[in-house]
1. Taking R0 as 22 Å, what's the FRET efficiency between N113 and K157 from their Cβ-Cβ distance, rounded to 0.05?
2. Given labels modelled 7 Å from the Cα in the Cβ direction, how far is it in nm from E101 to I6?
3. Run through segment 4-49 and list the GluC sites (Glu not before Pro) located in a DSSP loop whose Cβ has at most 15 other Cβ atoms within 10 Å.
4. Using only the Cα atoms of the chain, what do you get for the radius of gyration and for Dmax, in Å?
5. Per residue, how many Å² of accessible area does the chain show with a 1.4 Å probe?
6. Please report the carbon-and-sulfur percent of the accessible area for the chain; probe 1.4 Å, protein heavy atoms only, DNA, RNA and ligands left out.
7. What does the charge count near L176 come to, summing +1 for each Lys or Arg and -1 for each Asp or Glu among other residues with Cβ under 13 Å from its Cβ?
8. Can you spot the aspartates and glutamates whose alpha carbon is less than 16 Å from K55's alpha carbon? Ignore those fewer than 8 places along the same chain.
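The values are calculated or read from the model by the stated rules, or taken from the named source; none is laboratory data. From a predicted model like this one, the values you see are computed outputs, not experimental measurements. Cβ: placed from backbone, ideal geometry, glycine included. Neighbour counts: every protein chain shown. Calculation scope for accessible area: heavy atoms of the full protein, side chains included, ligands and nucleic acids excluded. Shrake-Rupley method; radii C 1.70, N 1.55, O 1.52, S 1.80 Å.
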Amino acid sequence: SKDLVILFISSHGLISGEERKFRIEGEDFDPDNPKFTSIVYEEDILPVLNDLPCKKLLFIDACHSGVGGAKSTQRTLSINRAISHLNKQKNGLAVISSSRENEASFEDQSWENGAFTEGILLGLGQGLADTDEDKIITVNELYSFLKTQVPRIVQQKKNKPQHPMMISNGMGNMPLFVIE
């Protein structure tokens with residue numbers, strides 16, 4: 001119950017069928033046969049995650065997806081507080097998606113991936129999401145960074161809208177990443 005599962009899905013997404021369900025395309029996706037070449041988020045992914053008796057964080061980088069070591073005593077105390085907070089966090093599921101349901105998620109060669117993934121790499125890898133400068137990035141801090149960074153870089157490169165979304169089920173203050 002004290003574990004944290006992080007799942008990162010980067011693929012193509014679409015809304016299909018009469019039920020207008022969000023599907024994640026497989027590598028062999030066939031638009032004439034989506035039932036057998038894609039999976040339904042609400043039916044194939046959520047039930048599996050919901051059955052896990054722990055904390056879950058899901059990143060989805062797909063169109064229509066809107067649904068370290070301590071170096072000082074102070075740093076050690078911060079990390080220990082973060083671990084304690086993580087252990088006390090109730091089980092649940094937080095989802096950060098790359099775009100609203102009606103938006104595309106953009107890629108660019110200069111990013112070498114999608115804008116959402118680029119934002120995560122900047123926010124965590126370069127520590128830019130650490131707004132309170134405590135060297136620990138929470139889910140809320142990462143999302144706050146992504147919801148401003150992703151639209152900005154997509155607008156600059158593609159002149160199109162892309163807005164990450166988050167559902168956190170009270171897990172927003174959960175520590176996610178420690179900056180060295």
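1. Once the sixth-power term is evaluated, E becomes 0.95.
2. 2.9 nm
3. Working: sites: E18, E19, E25, E27, E42, E43; in loops: E18, E19, E27.
Here the sparse-neighbourhood loop sites are E18, E19, E27.
4. Computed over the Cα atoms of the chain, radius of gyration and Dmax are 17.3, 60 Å.
5. 56 Å²
6. Working: 4900 of 9990 Å².
Using a 1.4 Å probe with all protein chains present, the chain comes out at 49 percent carbon and sulfur.
7. Spelling it out: positives minus negatives among the neighbours equals 0.
8. Result set, ordered by chain and number: D3.
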